[in-house]
Every structure is written in C-alpha cells, then in structure tokens.
Amino acid sequence: MRYEGDIYRPPPEADAYILQCTIGCSYNKCTYCSMYKDVRYRVRPIEDLKEDIRMAKAAFGNKVEKVFLSDGDAISLPTEMLLEILSELYSAFPKLTHVSTYAGPQSTLDKTLDEFKQLKKAGLSMTYLGVESGSDEVLKAVRKGVNSAEMLAAGQNIVEAGIKLVAMVMIGLGGSPELSKRHALETAQLINQMNPYLLGLLTTVPMEGTALFRQVTKGDFKLLDPYEVLEEIKQLLETLTNDELLIDSTHGSNLLPIKGKLSEVKADTISHINHHLSKKDNNLIGKAYVGRF
C-alpha cells in the first residue's frame with residue numbers, strides 16, 4: 001500500500017483496506033484538530049488509484065471485504081471520480097460489501113441529494129461526519145466552517161440517500177460549564193433531527209500544536225472537570241429521543257464507555273452517572289453498557 005503522511009481512520013475501519021484518494025483534508029481549519037498538518041491537500045490522480053487497487057488485488061486476492069477511502073474528506077472528490085473509484089473497487093474485490101469515508105460538512109453540502117443517491121447505488125455504504133456540536137456558538141468558536149442548520153442539511157442528505165451516517169460529536173467542546181449545557185442540549189436536538197445510524201462520542205482533548213491547545217495554555221478555553229463531563233453526557237442522553245440510535249463512546253478519550261442502542265443504555269447510564277455525581281468518589285471509569293449492534 002502506498003501512502004503519504006500519517007494514516008488516520010475510524011476505529012471500526014481497523015480491518016479495512018485503506019485507499020488514499022486525497023492527501024490531507026480539504027478544509028483543515030478546525031481549532032481542535034491535529035490531523036494532516038504536515039501535508040498539503042491535493043487529489044491523487046485516478047490512474048494512481050487504479051494502480052493501487054491493482055496492487056491490493058495482487059496482494060490480497062479476493063479477501064478484501066471492507067475499504068476505507070482516505071484521507072480526511074474523500075467526499076470532496078468530484079462525484080464522477082468517486083463513482084469510477086467505487087466501480088474499480090467492486091470489480092476488483094468480489095467479496096466487497098462495505099466502503100466508507102470521512103465526510104466534511106462543506107464538501108457534503110457541495111453535493112446534491114441525487115449525487116449521494118448515485119454514490120449509494122454504486123456502493124458507498126457509510127460516511128463519518130464530524131458534527132462536533134449543534135451549537136452555532138460552539139461551531140463558530142472552533143472554526144468548523146458551517147452553522148448548525150448547514151450541518152443538519154449535510155447529515156440529512158446522507159441519510160436520505162440511504163447511506164449509513166456515523167455522526168461524531170465532542171463532549172466538552174463548549175468549554176465553560178455555562179456553554180456546556182447549551183452545547184449538550186443543542187447537539188442532542190440536532191442529532192434527533194439528523195437521525196444518524198450511529199452517534200460516536202469523543203471527549204475534547206487539546207492536542208499539542210493545535211489552536212485549542214494554545215487557547216487552553218493561555219487560559220482562554222476551560223476544560224471541563226470529570227464531573228462536568230458526566231453532567232454533559234447525562235444532558236445529551238436525556239435529550240436524545242430516537243430509541244434505535246446506536247451510541248458508541250468506547251473511544252480512548254472518553255471517561256465512560258457506552259455501546260448499544262439508546263433504548264438499551266440510556267436508563268442504566270444515567271443512573272450510573274447520577275451515582276458518581278452524588279458520591280464524587282473519583283472512581284469515574286464505569287463498565288461498558290453493551291447492547292446489540
């Protein structure tokens with residue numbers, strides 16, 4: 001596999017063949033993100049991608065069942081190019097059943113619903129959208145590049161096309177306890193309207209070299225303490241309404257691992273959080289509430 005720069009992919013794609021369609025991220029201005037800072041964004045030539053697929057075919061034969069299109073935002077590619085890539089992949093790998101990619105909100109909005117339906121028909125099965133927050137104030141502060149209405153439209157287009165949407169949000173991204181409550185409430189309300197297949201939770205961790213890290217160092221951004229993090233998760237869960245929504249907070253950044261349908265994990269998780277909030281015994285890592293995916 002040929003690859004330029006560091007490899008980033010969602011945890012569920014650990015066993016996928018990674019095809020680097022772009023170098024870097026088409027946007028790459030978010031204050032919290034440390035990814036793709038050492039490369040210049042550009043689209044790889046289609047002939048290079050076809051050669052990579054031929055190399056993967058020679059190396060793996062018919063064993064490839066999952067493919068992840070990287071880097072940070074393969075949805076930014078022209079639709080015709082994406083359709084050609086999907087056609088090449090499914091022709092090369094007869095057992096292929098899953099092709100996924102990160103999707104940036106701006107590049108998602110640049111595509112029509114009809115284009116996403118074409119991509120779905122061609123075999124794009126899942127996208128990972130960094131929603132981060134449903135609060136306009138938070139989205140503006142972290143330089144996400146879209147407001148909540150635009151973020152909702154991006155997610156809804158993917159869902160309406162029939163492509164599974166993983167919406168990723170960041171606990172603690174509001175900073176102050178006051179904004180934390182609004183961040184959690186408005187994020188949950190946005191997710192209720194967007195109706196993704198899965199909600200992925202990550203906890204805000206300032207990475208060295210990012211604008212957010214500098215803000216924390218200067219005292220311009222306040223990280224939540226563990227109990228405030230739990231309060232935010234509780235507010236989020238209490239406001240979510242789709243019982244069939246899958247939730248996964250098993251990412252290493254998180255304080256409390258949760259995995260399962262909202263209907264299966266909501267009550268027990270809130271009870272677990274209330275227990276820690278009442279005792280404040282510093283034993284904050286709880287067992288994972290595992291449902292059925």
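The values are calculated or read from the model by the stated rules, or taken from the named source; none is laboratory data. In this text the structure is predicted, and so the values were computed from the model without any measurement. Because the Cβ atoms are built from the backbone with ideal geometry, glycine has one as well, and the counts that use them run over all protein chains shown.
Here are some notes:
- Residue tally, condition surrounded by fewer than 20 Cβ atoms within 10 Å (Cβ to Cβ) and within 16 Å of residue 7 (Cβ to Cβ), over segment 45-68: 0
- Number of residues in segment 223-250 that are in contact with a strand residue (DSSP E or B) (Cβ under 7 Å, 6 or more places away or on another chain) and either assigned to a strand (DSSP E or B) or of a type in the set (Asp, Glu) (or both) equals 6.
- Here residue 97 clears all of (1) of a type outside the set (Lys, Arg); (2) within 16 Å of the chain's Cα centre (by Cα); (3) within 20 Å of residue 9 (Cα to Cα) except the condition numbered (2).
- For segment 115-134, the set of residues classified as under 18 Å from residue 29 (Cα atoms) and out of contact with any strand residue (DSSP E or B) (no Cβ under 9 Å at 6 or more places or on another chain) is empty.
- Subset tally (residues that are under 27 Å from residue 127 (Cα atoms), part of a helix (DSSP H, G or I) and in contact with a Pro (Cβ under 9 Å, 6 or more places away or on another chain)) for segment 200-222: 1
- Residue match in segment 204-223 (condition: modelled with pLDDT under 90, among the aromatic types (Phe, Trp, Tyr) and in contact with a helix residue (DSSP H, G or I) (Cβ under 8 Å, 6 or more places away or on another chain)): no
- When we screen 125, 107, 100 for residues that are hydroxyl-bearing (Ser, Thr, Tyr), under 14 Å from residue 164 (Cβ atoms) and in contact (Cβ under 8 Å) with a residue 40 or more places away in the chain, the only hit is 100.
- Answer residue from segment 242-254, given it is of a type in the set (S, T, N, Q) and closer than 15 Å to residue 269 by Cα and is modelled with the highest pLDDT among those: 249
- Hits in segment 27-58 - residues which are outside any loop (DSSP other than H, G, I, E, B), among the small types (Gly, Ala, Ser) and touching a residue at least 24 places away in the same chain (Cβ under 8 Å): 56
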